[in-house]
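See below for the structure under consideration.
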Amino acid sequence: LLAGLGLLFFGVALYISHRMSRRAMVPIQASYTKQREFVADASHELRTPLSVMLSSIDALEMEQTEETDPFSRKLLSGMKEEVKRMSRLVGDLLTLARSDMPEYRLQRELFDLEPYARSAAESMQGLAAAKGIRLEAAFSGSLQIVGDAERLKQLLYILLDNAVKYTPEGGEVRLSLRAEGSEAARRLVLEVQDTGIGIAPEDRLRIFDRFYRADKARNRQQGGHGLGLAIAKWIVDAHGGSIAVESAPGRGSAFNVRLPAAREM
Ligand code: ADP
């Protein structure tokens, strides 16, 4: 089994270096555009070998029998976790690199945000329940918006995932979505509150920076990489909205997003 794994890694490393060396032949220009393109290309190239690795690991897991020794099992499941983590990182890097490109455009369609928020809350229920966290969602008013549904869904997942991740067992997470303001300036207000570890005042602005993670020692076991809120902020900005956080360390946090609502016909 171990020899098989070694071979697999060697093959994937060879594949990546081959694909990357083709890119490296382009003379490196010290321009921001080139750098951005490089990150986008590299992340894009890494996605295929990573998904190959993941399916190979799945196949190896299926091969396991009662006789498989516990050490190999542990190695394999550790490897699977790391590959999944790397896939998330690569996906986030690609999103951010694309977000920096002036030619990148968000979709603009009219839709109701409520079903997306409901399904995001429902999909997080399992994760929350596993930690004994109560997750509640409340909606009110007309929640029509003109924007990019996929991106707004991603925003909901980032905020809910963080709330569950940074809330200890037995806590509470609450998602609320409502409309407010007069017809001329209607806004959708999305709030994700938790009773988790909270965020120190000196970290509150920096958590939206790329790769910034407050309290790295404590965060290491949570398995993130500090890109979620940078992506969340980009999505909100790109929709002409604002994002803010209030927090009491040790008591919880509340992320508040305001987005322009669609005008009623
Ligand atoms: P990640 O969660 O992958 O580290 P994010 O960009 O989503 O990256 O968040 C950046 C940092 O902000 C986290 O590392 C954590 O320190 C802090 N943070 C985000 N959401 C919360 C929350 N709900 N409660 C406490 N801390 C949070």
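The values are calculated or read from the model by the stated rules, or taken from the named source; none is laboratory data. Keep in mind it's a predicted model, so treat the numbers as computed, not measured. Note that each Cβ is placed from the backbone with ideal geometry, even for glycine, and that neighbours are counted across all protein chains shown. Heads up: the accessible areas ignore ligands, DNA and RNA and are worked out on the full protein's heavy atoms, side chains in. Shrake-Rupley method; radii C 1.70, N 1.55, O 1.52, S 1.80 Å.
Lys/Arg Cβ at +1, Asp/Glu Cβ at -1, dipole of the chain taken about the Cα centre: which of Thr68, Ala248, Leu159 is farthest positive-ward?
Ala248
List the residues whose amide H sits under 5 Å from the amide H of Arg204, counting only those 5 or more places along or on another chain, with H placed 1.01 Å from N in the peptide plane.
none
Dipole magnitude of the stretch 161-239 about its Cα centre, charges +1 at Lys/Arg Cβ and -1 at Asp/Glu Cβ only, in debye to the nearest 20? List each step's numbers first, then the result.
Working: 13 positive and 12 negative charges, 53 e Å.
In total the dipole reaches around 260 debye.
With Cβ to Cβ distances under 9 Å as the rule, what net charge do the other residues near Val146 carry (K, R +1; D, E -1)?
Neighbourhood net charge equals +1.
Treat every Asp and Glu Cβ in the chain as -1 and every Lys and Arg Cβ as +1, leave all other atoms uncharged, and give the resulting dipole magnitude about the Cα centre to the nearest 20 debye.
Working: 36 positive and 35 negative charges, 146 e Å.
The dipole magnitude comes to about 700 debye.
If you roll a 1.4 Å probe over the chain with all protein chains in place, what percent of the accessible area is carbon or sulfur?
Numbers: 8290 of 14970 Å².
Taking all protein chains in place, the chain shows 55 percent carbon and sulfur surface.
Helix-only mean residue ellipticity at 222 nm, the chain, DSSP H runs n ≥ 4 weighted -39,500 (n - 2.57), per residue, nearest 500. What is it?
Mean residue ellipticity, 222 nm, calculated: -17500 deg cm²/dmol.
Order of 199-212, 39-52 by packing, highest average Cβ count within 10 Å first?
39-52, 199-212
For a Förster distance of 25 Å, can you work out the FRET efficiency between the beta-carbons of Val146 and Ala254, rounded to the nearest 0.05? Could you put the intermediate results ahead of the total?
On the way: r = 26 Å, r/R0 = 1.04.
Calculated transfer efficiency: 0.45.
For the stretch 43-166, what does the alpha-carbon gyration tensor say about shape, rounded, prolate or oblate, given a ≥ b ≥ c as the root eigenvalues, a/c under 1.5 as rounded, and a/b over b/c as prolate?
Note, shape of the stretch 43-166 comes out oblate.
Taking the highest mean first, how do the peptides 97-109, 145-157, 65-77, 174-186 order by number of other beta carbon atoms within 10 angstrom per residue?
Ranked by mean Cβ neighbours within 10 Å, highest first: 145-157, 174-186, 97-109, 65-77.
Among the aspartates and glutamates, which fall within straight-line cross-link reach of Lys165, defined as a Cα-Cα distance under 18 Å, with same-chain neighbours fewer than 8 residues apart omitted?
Answer for Lys165, where 18 Å is the Cα cut-off: Glu81, Glu82, Asp92, Glu122, Glu136, Glu191, Asp194, Asp203, Asp215, Glu246, listed by chain and number.
Between Lys153 and Ser31, what FRET efficiency follows from the Cβ-Cβ distance if R0 is 45 Å, with the result rounded to 0.05?
Computed FRET efficiency for Lys153 and Ser31 comes out at 0.85.
In the structure shown, do any of Lys34/Lys233; Lys131/Lys153; Lys80/Lys233 have a Cα-Cα gap over 26 Å, and if so which?
The pairs that break the limit, which is 26 Å between Cα atoms, are Lys80/Lys233.
Suppose all protein chains stay in the model; what accessible area per residue would a 1.4 Å probe give for the stretch 70-128, in Å²? It would help to have the intermediate numbers written out before the result.
Values: 3560 Å² over 59 residues.
Using a 1.4 Å probe on heavy atoms only, each residue of the stretch 70-128 averages 60 Å².
Considering only the other residues whose Cβ falls under 12 Å of the Cβ of Gly228, what net charge follows from Lys and Arg at +1 and Asp and Glu at -1? Could the numbers behind the result be given before it?
On the way: positive: Arg88, Lys165, Arg210, Arg213, Lys233; negative: Asp92, Asp161, Asp209.
Taking every Cβ under 12 Å from that of Gly228, the sum is +2.
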